[in-house]
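Participant: Following this message is one structure expressed as structure tokens.
The values are calculated or read from the model by the stated rules, or taken from the named source; none is laboratory data. Here the structure is a predicted model, which is why all the values come from computation and not from measurement. Here the Cβ positions follow ideal geometry from the backbone for every residue, glycine too, while neighbour counts run over all protein chains shown. Remember, those area values only see protein heavy atoms, side chains included, never the ligands or the DNA or RNA. Shrake-Rupley method; radii C 1.70, N 1.55, O 1.52, S 1.80 Å.
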Amino acid sequence: MAQESKTGKPPLWQLANQHGMGFGTAINAHAISNDEYRAIVERECDVVVAENAMKFGPLRPQRETWNWEPADRLADFARKNNKRMRGHTLVWHAMNPKWLLEGDFERQEVIDIMREHIFKTVERYKDVIYCWDVVNEAVERTDSSMYHDTYWNKKIGPEHISMAHRYAHEADPKCKLIHNDWVHEGEGWDSDKLCRFVQELQDDNVPVHGVGLQYHFGITEPPVMEKLLNTYDRFASLGLEVHITELDVFIDYPVTDEKLEQQAILYKNVAKAAASHKAVTEFLVWGHTDASHHYQRDKTRGDACLWDEDYNPKPAYYAVADAWS
Ligand code: XIL
């Protein structure tokens, strides 16, 4: 295939597998119809996740209208191409529909809406989705409080998190339930609060099997390697799997060769750290190509992916391949 002749490297999923991890990307319901976009996913990935199609708002634009088609299309892509699929995400502070946010719902009604949403969605994809990011970004990141004060938190309280996990577990008892959250691991930041958050769930016997670490980095604020490894140790000691779920590394424009090199080094270091730890079982980037990454809507920064806007591999792609070879 085209990618093979371009790089001469084995697919990234094969290289990742040698280190006990899968490799994958977030796939977009529009972009997947592009041949070059799709060819990279088919060749390089053994795991995929829907970028937006399985979020609450896209799935349920009106109270009585479910919009399954884009999500079904991505699930079918995974089925046909034998890819594992991660589910993203059942409950989130963003991308909720107007009818929900502006509706005049009592606490119990919101619980019922959340429960119905989780059951319908988890059951529909249980043959193809092996793990779900249950509540996305529930930990507060701007101050010392534990819970992000989202719509769900305001309406239901922090117990919406344990409820969501219990409903998802009931809907598909063999599904792995992941707590996916923003982490940075740069200077002056560590994942202590996230560890405490997950530990509290475990103390309450809430089904939780792993953590998803998003990893949205910029080249000027690289993570500290010891912190990454410490974090993996801490989650491993809680008996949890670690998925790297959303890696991307933005560049402040203009892009230069030097910045692309810095980007490659950051990708390589993270790829090496993850590969060196047996708790890390999945390694996903949040979109594989600059052609369709959501940062490209921004005029000041972007070009965060392993493949460029013309679907050519960037220095960062070679760096990741080298890290795992
Ligand atoms: C982003 C999508 O990539 C965008 O297209 C959308 O406009 C907003 O959401 N953390 C997450 C992802 O968990 O779901 C977000 O995805 C990026 C940040």
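Participant: Taking θ = phi - 60°, what integer Hz values does the Karplus form 6.51 cos²θ - 1.76 cosθ + 1.60 yield along region 61-71, in sequence order, with x for Gly and Pro?
Facilitator: Whole-Hz 3J(HN,Hα) from phi for region 61-71: x, 10, 4, 9, 10, 9, 10, 7, 3, x, 5.
Participant: Excluding same-chain residues fewer than 8 positions from Lys227, which lysines have a Cα within less than 18 Å of its Cα?
Facilitator: Lys193, Lys268, Lys272, Lys278
Participant: Further, regarding this structure: Find which of Gly24, Ala236, Phe77 sits farthest along the positive direction of the dipole of the chain, computed with +1 on the beta-carbon of Lys and Arg, -1 on that of Asp and Glu, about the Cα centre.
Facilitator: Comparing the listed Cα positions along the dipole, Phe77 ranks first.
Participant: With every protein chain present, what accessible area does Trp68 have (1.4 Å probe, heavy atoms only), rounded to the nearest 10 Å²?
Facilitator: 40
Participant: How large is ³J(HN,Hα) for each residue in region 97-114, as worked out from phi by the Karplus curve 6.51 cos²θ - 1.76 cosθ + 1.60 (θ = phi - 60°), to whole Hz, x for Gly and Pro?
Facilitator: Those phi angles translate into x, 4, 4, 7, 5, 9, x, 9, 9, 6, 3, 5, 5, 5, 4, 5, 5, 4 Hz.
Participant: Evaluate the distance, in nm, between pseudo-label points positioned 7 Å from the Cα of Ser144 and of Gln202 along their respective Cα→Cβ axes.
Facilitator: About 2.4 nm, to one decimal.
Participant: Next question, about the same structure. So, taking all protein chains as they sit and a 1.4 Å probe, how much accessible area belongs to Ser33, in Å² rounded to tens?
Facilitator: The accessible area comes out at roughly 90 Å².
Participant: Here's another thing I want to ask about it. Heads up, I need the accessible area for His93: 1.4 angstrom probe, whole protein in place, Å², nearest 10.
Facilitator: My reading of the accessible area for His93 is about 70 Å².
Participant: Additional query: Ignoring any ligand, DNA or RNA, what whole percent of the accessible area of region 6-135 comes from carbon and sulfur when the probe is 1.4 angstrom?
Facilitator: Answer for region 6-135: carbon and sulfur cover 46 percent of the accessible area.
Participant: Quick one: accessible area per residue over region 100-163, 1.4 Å probe, rounded to a whole number of Å²? Don't skip to the end; give the middle numbers.
Facilitator: Details: 2910 Å² over 64 residues.
So region 100-163 comes to 45 Å² accessible per residue, rounded to a whole number.
Participant: Work out the length of the dipole vector of region 262-325 about its Cα centre, built from +1 on the beta-carbon of each Lys and Arg and -1 on the beta-carbon of each Asp and Glu, and round it to the nearest 20 debye. Intermediate results must be reported in sequence, preceding the final value.
Facilitator: Details: 7 positive and 8 negative charges, 58 e Å.
That gives a dipole near 280 debye.
Participant: For the chain, modelled as a Gaussian network with Cα springs under 10 Å, which listed residue fluctuates most, Glu185, Glu137, Glu69?
Facilitator: Answer for the Gaussian network model of the chain: Glu69.
Participant: Okay, moving on. Could you please put Trp324, Trp189 in sequence from largest to smallest accessible area, using a 1.4 Å probe?
Facilitator: Numbers: Trp324 0, Trp189 70 Å².
My answer, sorted largest first, is Trp189, Trp324.
Participant: On full extension of the chain, what length is gained from Ser237 through Asp310, given 0.36 nm per residue of separation minus the C-alpha to C-alpha distance? Before the final figure, lay out each step's value.
Facilitator: Numbers: separation 73, 0.36 × 73 = 26.28 nm, distance 4.27 nm.
That works out to 22.0 nm of additional length.
Participant: How far apart, in nm, are the 7 Å Cα→Cβ label points at Glu226 and His30?
Facilitator: 4.5
Participant: Roughly how many debye, to the nearest 20, is the charge dipole of the chain about its Cα centre, given +1 on each Lys and Arg Cβ, -1 on each Asp and Glu Cβ, and no other charges?
Facilitator: Dipole size: approximately 740 debye.
Participant: Provide the gained length on full extension for the span Asn67 to Glu116, in nm with one decimal, where the gain is 0.36 nm per separating residue minus the Cα-Cα distance.
Facilitator: Working: separation 49, 0.36 × 49 = 17.64 nm, distance 1.49 nm.
Taking Asn67 through Glu116 to full extension adds about 16.1 nm, to one decimal.
Participant: Moving to a separate point now. Relative contact order of region 1-95: what whole-number percent is it, with Cα pairs under 8 angstrom and at least 6 residues apart?
Facilitator: On the way: 120 pairs, mean separation 25.8, N = 95.
So the answer I get is 27 percent.
Participant: While we're looking at this one, here's another question. Around Ile113, what is the net charge, scoring Lys/Arg as +1 and Asp/Glu as -1 over all other residues with Cβ under 15 Å from its Cβ? It would help to have the intermediate numbers written out before the result.
Facilitator: Working: positive: Lys55, Arg60, Arg63, Lys98, Arg107, Arg115, Lys120, Lys154, Lys155; negative: Glu64, Glu102, Asp104, Glu106, Glu109, Asp112, Glu116.
Net of charged neighbours comes to +2.
Participant: A further question on this structure: I'd like the Karplus ³J(HN,Hα) series for region 13-25: coefficients 6.51, -1.76, 1.60, θ = phi - 60°, whole numbers in Hz, and an x wherever there's a Gly or Pro.
Facilitator: Working through the residues one at a time gives 4, 5, 5, 4, 4, 4, 10, x, 10, x, 10, x, 8 Hz.
Participant: Find how much the distance from Ala39 to Arg301 grows on full extension, using 0.36 nm per residue of separation minus their present alpha carbon separation; answer in nm with one decimal.
Facilitator: On the way: separation 262, 0.36 × 262 = 94.32 nm, distance 2.62 nm.
Taking 0.36 nm per residue and subtracting the Cα distance, the gain is 91.7 nm.
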